[in-house]
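Note sheet for the following structure.
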């Protein structure tokens, strides 16, 4: 039995032209804001300027997709960036140089030749590594 597989799961349903429900809701909000501006009793000059700005803002929210994301996601990222910034502290390399030298001196062990090793077990291991022999404890391991 064959099943039908939906092809466009991530595509939103378009209601009017290129607008889906969210976009139509934003167009309605834009109209509501313009009606409120008219009811406030502004002069015609201020009403036209503010209504043009309102239309510009709402239609940019509806139709612009910066970075392939919706405008709502973009504005949420912008608010997150503004109110919760990452703080990075920079220190000059000159200030770090003495600390790095101290760390290098502490990390690097003193170099010893195989003749300077005191323990007899270590001498035996060093000799077996040089000869490529197997150790007594692990006869199954082969030294390369």
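The values are calculated or read from the model by the stated rules, or taken from the named source; none is laboratory data. Since this is a predicted model, take the numbers as computed values, not measurements. FYI the Cβ positions are ideal-geometry reconstructions off the backbone, even for glycines, and counts take in every protein chain you see.
Consider residue 72 carefully, then state whether it is surrounded by 13 or more Cβ atoms within 10 Å (Cβ to Cβ) and under 34 Å from the mean Cα position of the chain (by Cα). Even if it seems obvious, please write down each step before you answer.
Numbers: surrounded by 13 or more Cβ atoms within 10 Å (Cβ to Cβ): no; under 34 Å from the mean Cα position of the chain (by Cα): yes.
When the stated conditions are applied, residue 72 does not pass them.
Could you please let me know if residue 12 is modelled with pLDDT under 85 and in a helix (DSSP H, G or I)? It would help to see each step written out before you state the result.
Working: modelled with pLDDT under 85: yes; in a helix (DSSP H, G or I): no.
No; evaluated as a whole, the condition is false for this residue.
For the structure I just gave you, tell me whether residue 113 is surrounded by fewer than 11 Cβ atoms within 10 Å (Cβ to Cβ) and either over 30 Å from residue 21 (Cα atoms) or at pLDDT 85 or above (or both).
Here the answer is yes, as residue 113 does meet what is asked.
Let me confirm something: among 59, 45, which residue is surrounded by 10 or more Cβ atoms within 10 Å (Cβ to Cβ) and either in contact with a helix residue (DSSP H, G or I) (Cβ under 9 Å, 6 or more places away or on another chain) or in a helix (DSSP H, G or I) (or both)? Even if it seems obvious, please write down each step before you answer.
Numbers: 45 fails: surrounded by 10 or more Cβ atoms within 10 Å (Cβ to Cβ).
On inspection, the qualifying residue turns out to be 59.
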